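Take a look at the structure below.
The values are calculated or read from the model by the stated rules, or taken from the named source; none is laboratory data. Worth saying up front: this structure is predicted, and the values here are computed from it rather than measured. Here the Cβ is made from the backbone with ideal geometry for all residues, glycine too, and neighbour counts use every protein chain on show.
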Amino acid sequence: MSATSPEQPNILFFMPDQWRPDFLGFVGSVPVRTPTVDRLAASGTVFTRATTPSPLCAPARSCLASGMSYRKSPVPNNGVDFPIDRPTLYSHLRDAGYQVGSVGKLDLHKATLDWGLDGKRSMSDWGFTHGLDSEGKLDAMQSYLKNGRQPRGPYMQFLAERGLADLHADDFRTRDQWLGVEPTELPDDAYCDNWIGANGLDVLDSFDTGRPWFLVANFTGPHNPQDVTASMLDLYAGVDFPPPIANTTVDAPHMQQIRRNYAAMCENIDSWLARYLDAVSRRDDDRPTIVVFASDHGEMLGDHDQWGKSIWRQPSIGIPMIVAGPGVSRGTSDALVQLQDLAPTFLDLADAAQLPDADASSLADLLYSRSDATGRGAFAREHALSGLNAWDCVWDGRYKLVLDNGEPAGLYDHQSDPDELHDLLGTGDPGNNVAIVTRLLGAASTPV
């Protein structure tokens, strides 16, 4: 295997935080504007039933880094750091000859809340050769205040140098993290996602054109709070969004503004994707570029009177996932893919060694319409598993079984009840329900 063979493509991975899969223009269910992602979707493969292995930042990103399902990965919650001695997707790409870059929040040592003022702490240990690791939205404020109003990461250091650190920290300290819709007082260029976007373009410019590169841009939006800038606040003025499912706690006008702010954050990230694609097209690279767009988990955004993530409902575990590039099949796939599947996929594309003990599956067969005749088995997952702390859920694309400490706690039929309003346990045909539960329990105990 040649470490830098021409077949190794460049890989650009856009990974926003907490992006619902329905908040994409081409999906058509909400009036959000994402023209760049829409063009990407039209030119590649859209996975319509993609889910996260765990709807929380650190566990999800640990699963991605290790190529493991939630119950097998080393990070059960946000209070545990990814072990520094474990191989990662990123170290295997580096070992295959890649320049490996990252910008934004990696969340691989979320429990520690110390990124180094230059964002370099632990980067080389994880396998990165370029870039910086930075604070997430609430982590920036919490780490700053807990450290006596001294920065512990590169974003707050940047704000401190601009005289904006206290302004930002006090805003987040006093703002309702779910319902606050007032704009931030930060100027546009100091807004965290814009700072991440600009730094990522610098990383891209630093790559040698003669060697393959991998760059993941970890944006902090559209994660709560809804802290849009003044210029973003009116992007969706007068635009009406569908109300949340089964919401009884927030009045309609306020809910509209929450969703407008969320959409504005999505549109802002989409505009950065356009700039990155333009920058890629201007480079004199001697190899093609694969572009991937996915999120770590979803966002309830008021559905079922819930906010954020961390639960088993579909807006929480569902994620967008799009892959495009030369040779990638165009169209949609309803395969039960999960975020961690991107790890073996990237390593497959890079002609790199796979991760030890990983249980994820490469999507290369789906992306390139490869048959079993290639010698690689086609992607054939029949059940998707997600979990966090005491709960798990297993989904076969129609039925979802929710488990609490291993015991059945809910059963939903997405064919007749896509909004998960009616728990089948204790209702309907008892014999049929028992058969479904038994089958899904077996899948949960022996995951594909």
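Please specify each residue of region 177-200 satisfying the condition of being among the hydrophobic types (A, V, I, L, M, F, W, C) and either crowded, with 18+ Cβ neighbours inside 10 Å or under 13 Å from Pro225 (Cα atoms) (or both). Matches in region 177-200: Trp178, Leu179, Val181, Leu186, Ala190, Cys192, Trp195, Ile196.
For Leu301, the requirement of being out of contact with any Cys (no Cβ under 6 Å at 6 or more places or on another chain), within 28 Å of Pro418 (Cβ to Cβ), in the same structural domain as Met68 (by TED's automatic domain parsing) and among the aliphatic types (A, V, I, L, M) is met. Consider region 400-429 and keep the residues that are in contact with a Leu (Cβ under 7 Å, 6 or more places away or on another chain) and either part of a loop (DSSP other than H, G, I, E, B) or assigned by TED's automatic domain parsing to the domain that holds Pro315 (or both). The one that is surrounded by the most Cβ atoms within 10 Å (Cβ to Cβ) is Leu424. Listed by first and then second residue, the pairs linking a residue in region 82-104 that is without any contact (Cβ under 8 Å) to a residue 24 or more places away in the chain to a residue that is surrounded by fewer than 19 Cβ atoms within 10 Å (Cβ to Cβ), with Cβ atoms under 8 Å apart and 6 or more places separating them unless they lie on different chains, are Pro83/Pro74; Arg86/Pro74. Of all residues in region 159-176, which are surrounded by fewer than 19 Cβ atoms within 10 Å (Cβ to Cβ) and either more than 18 Å from Gly221 (Cα to Cα) or in contact with a helix residue (DSSP H, G or I) (Cβ under 7 Å, 6 or more places away or on another chain) (or both)? Scanning region 159-176 gives Ala160, Glu161, Arg162, Gly163, Leu164, Asp166, Leu167, Asp170, Arg173, Thr174. Keeping to region 112-149, report how many residues are crowded, with 16+ Cβ neighbours inside 10 Å, in a loop (DSSP other than H, G, I, E, B) and either touching an Asp or Glu at 6+ places or on another chain (Cβ under 9 Å) or of a type in the set (D, E, K, R) (or both). Within region 112-149, residues that are crowded, with 16+ Cβ neighbours inside 10 Å, in a loop (DSSP other than H, G, I, E, B) and either touching an Asp or Glu at 6+ places or on another chain (Cβ under 9 Å) or of a type in the set (D, E, K, R) (or both) number 11.
Based on this model, can you work out whether Ala263 counts as over 14 Å from the mean Cα position of the chain (by Cα), touching a residue at least 40 places away in the same chain (Cβ under 8 Å), on the phi < 0 side of the Ramachandran plot and buried (at least 18 other Cβ atoms within 10 Å of the Cβ)? It is true that Ala263 is over 14 Å from the mean Cα position of the chain (by Cα), touching a residue at least 40 places away in the same chain (Cβ under 8 Å), on the phi < 0 side of the Ramachandran plot and buried (at least 18 other Cβ atoms within 10 Å of the Cβ). Please give the number of the condition Ile258 fails out of (1) over 24 Å from Ala343 (Cβ atoms); (2) touching a Ser or Thr at 6+ places or on another chain (Cβ under 9 Å). Ile258 satisfies every listed condition except (2). Evaluated against (1) within 16 Å of the chain's Cα centre (by Cα); (2) not in a helix (DSSP H, G or I), Pro356 falls short on exactly one condition, (1).
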